[in-house]
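Single-structure report; data block below.
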Amino acid sequence: MSNQATRRRIAALIVIAAAAGLAASCSAVFRSSIQGSVIDLEAWDDGTTTGVADAKIFLYTDDKARDADYDAFVDGDESTLPDGAARTERQYFQSTVTDADGGYDFTGFIWESLFPKYGKTADRDEVFFLIYHPDYGLWKNPTPLYVVSDVTNNLDYIKIEDLWNEGRLAGTVLDWKDDDGLAGATVSFYVAESWDYDASGGFTSVVYPTAPTATTTTDADGAWVATVRFPMEPDRSTHAAHNDAPVRIAYTLTNYRCNDDEPGNTGLTNASIVTDADLDRDGRTAAQGDYEDAYVQATLEYDAEEGEAVLGSAPTVTMQRWRFSATVAGTVVDNADGITGINGVTVDLAVKDREYSADSAPVDTAASTENGRFDLGTIVWEIGDGSGSADWKVGEVTVTMATTGAALVSGGIATLKPDAQRNLTLRVTP
């Protein structure tokens, strides 16, 4: 190697060493703590500070890593969050969860700076956040955030917008028997999970859940009122123009129905009721006897300018009791004295084409043994088993009774009314 080449190599090594020494002399590590709060944007605009509890916050030192995690998130799939199961790499520096008031706290935050803002004694650096809550989605910090070393940095509020609106609905459920209000009926709301809008603002491509979104119960007068949350669709950028949502409202009460699946049988009508949809996707519709699938279609609305739910009116619905029951038991006694119990007598009761049977037998009580006791259990019948429309309203049904092993003299019944507990004394001649 020539002397000139040697000198050039030595000079290059000197430059490299000098640069390394300069870097080593300027590089420094800094520490700080970070505190702040995540609050609801709409509440803030209304003059109220409402913290967002249980929001995840991911702290980054690099905006590119933050933006990559933001882009990788799939709305509705928490496995694609920065700490989700679908992510193989953790690019954030720290993470935490907001408290009941929306507050968060990062301690022990450290960073290295080659050229500190204030020499080796202090530094100021920008940090980057991702904020996630199921009701709010995933947000970047809306404004730049900076921290200073060796102090507790109280950052400005991070304001995020709820992805859900609220709508209010009210309605009434009547009893077919007398057109009075029906208490205790469950009103279920199936709010659409997603939808699009056509050119005129109508709903298209609506997807409904298989389980109710919310429920309420009718009061003593059959009235109900409910506030129901619904998502902003199709996304946050367009929701301002569309503050409503489609909802199906179903009505259930044990032994009651909104439609008669045997046309002309009782005359039950509800013009607004839909009966040809399989709400729970079990293979049957309300028109096929799955009465819990009967529903009315309604719209949930939100007034964005007023910032409140709009009270909508659902159609009045009439529910009909179509299945009834009563219990029948008693004692078989000798007609001669009307007291002595007789065992071994078969008691039969028939309701239309259904038969119930029990044998009289001794029953031990705390005081003694009672002979001749029988129990037919719960007798069940349907509205069409009644003899006429007058019986349909009250649920009364014709029955026949007979005995085998002894002749029935008296004490039998010819009709049953619903919810009765009949305790009979059958007088027989052995």
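The values are calculated or read from the model by the stated rules, or taken from the named source; none is laboratory data. Keep in mind the model is a prediction, meaning the values are calculated, not measured. Every residue, glycine among them, receives a Cβ derived from its backbone with ideal geometry; neighbour counts consider all protein chains shown. Each accessible area value is taken on the protein alone, full model and side chains, heavy atoms only, with ligands, DNA and RNA left out. Shrake-Rupley method; radii C 1.70, N 1.55, O 1.52, S 1.80 Å.
Which of the numbered conditions does V363 fail, given that it passes all the others? Conditions: (1) in contact with a Phe, Trp or Tyr (Cβ under 6 Å, 6 or more places away or on another chain); (2) part of a strand (DSSP E or B).
The number of the failed condition is (1).
Specify which of the listed residues (N265, N259, N255) is touching a Lys or Arg at 6+ places or on another chain (Cβ under 7 Å) and either open to solvent by less than 50 Å² (accessible area, probe 1.4 Å) or without any contact (Cβ under 8 Å) to a residue 12 or more places away in the chain (or both).
N255
Considering only residues that are of a type in the set (G, A, S), part of a helix (DSSP H, G or I) and farther than 14 Å from R354 by Cα, which ones fall in the range 367-426?
S389, A390
What is the residue count in the range 244-278 for residues that are modelled with pLDDT under 95, of a type outside the set (D, E) and touching a Gly at 6+ places or on another chain (Cβ under 9 Å)?
Matching residues across the range 244-278 total 4.
Considering only residues of the range 37-73 that are of a type in the set (A, V, I, L, M, F, W, C) and assigned to a loop (DSSP other than H, G, I, E, B), which is surrounded by the fewest Cβ atoms within 10 Å (Cβ to Cβ)?
My answer is A53.
With a cut-off of at least 1 residues that are more than 30 Å from L311 (Cα to Cα), open to solvent by 20 Å² or more (accessible area, probe 1.4 Å) and without any contact (Cβ under 8 Å) to a residue 40 or more places away in the chain, name the strands (runs of 3 or more DSSP E) lying wholly within the range 124-175.
Hits in the range 124-175: 124-133, 137-140, 145-148.
Is there any pair with a first residue in the range 201-227 that is open to solvent by 30 Å² or more (accessible area, probe 1.4 Å) and a second that is part of a loop (DSSP other than H, G, I, E, B) and among the charged types (D, E, K, R) whose Cβ atoms are under 6 Å apart and which are 6 or more apart or on different chains, and what are they?
T204/D198; V207/E193; T210/D280; T210/R281
It is to be established whether one or more residues within the range 353-363 are open to solvent by 30 Å² or more (accessible area, probe 1.4 Å), among the hydrophobic types (A, V, I, L, M, F, W, C), over 21 Å from Q421 (Cα atoms) and out of contact with any Asp or Glu (no Cβ under 7 Å at 6 or more places or on another chain).
Within the range 353-363 (the criterion being open to solvent by 30 Å² or more (accessible area, probe 1.4 Å), among the hydrophobic types (A, V, I, L, M, F, W, C), over 21 Å from Q421 (Cα atoms) and out of contact with any Asp or Glu (no Cβ under 7 Å at 6 or more places or on another chain)), the answer is no, since none of the residues qualifies.
Tell me, please, whether a residue that is in contact with a helix residue (DSSP H, G or I) (Cβ under 9 Å, 6 or more places away or on another chain), of a type outside the set (S, T, Y) and open to solvent by less than 80 Å² (accessible area, probe 1.4 Å) can be found in the range 302-317.
Yes: the range 302-317 contains one or more residues that are in contact with a helix residue (DSSP H, G or I) (Cβ under 9 Å, 6 or more places away or on another chain), of a type outside the set (S, T, Y) and open to solvent by less than 80 Å² (accessible area, probe 1.4 Å).
Residue-wise test of (1) of a type in the set (D, E); (2) under 14 Å from A329 (Cβ atoms); (3) touching a strand residue (DSSP E or B) at 6+ places or on another chain (Cβ under 6 Å).
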| residue | (1), (2), (3) |
| --- | --- |
| D353 | yes, no, no |
| D375 | yes, yes, yes |
| G384 | no, no, no |
| V399 | no, no, yes |
| T403 | no, no, yes |
| N423 | no, yes, yes |
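Could you check the range 391-412 and list, in sequence order, the residues that are surrounded by 17 or more Cβ atoms within 10 Å (Cβ to Cβ) and out of contact with any Asp or Glu (no Cβ under 9 Å at 6 or more places or on another chain)?
Listed by number, the residues that qualify are W392, E396, V399, L408, G411, G412.
So which residues in the range 329-352 are open to solvent by 80 Å² or more (accessible area, probe 1.4 Å) and more than 43 Å from the chain's Cα centre (by Cα), if there are any at all?
A336, I339
Can you name the condition, by its number, that A183 falls short on among (1) without any contact (Cβ under 8 Å) to a residue 60 or more places away in the chain; (2) outside any loop (DSSP other than H, G, I, E, B); (3) surrounded by fewer than 20 Cβ atoms within 10 Å (Cβ to Cβ)?
Every listed condition holds for A183 apart from (2).
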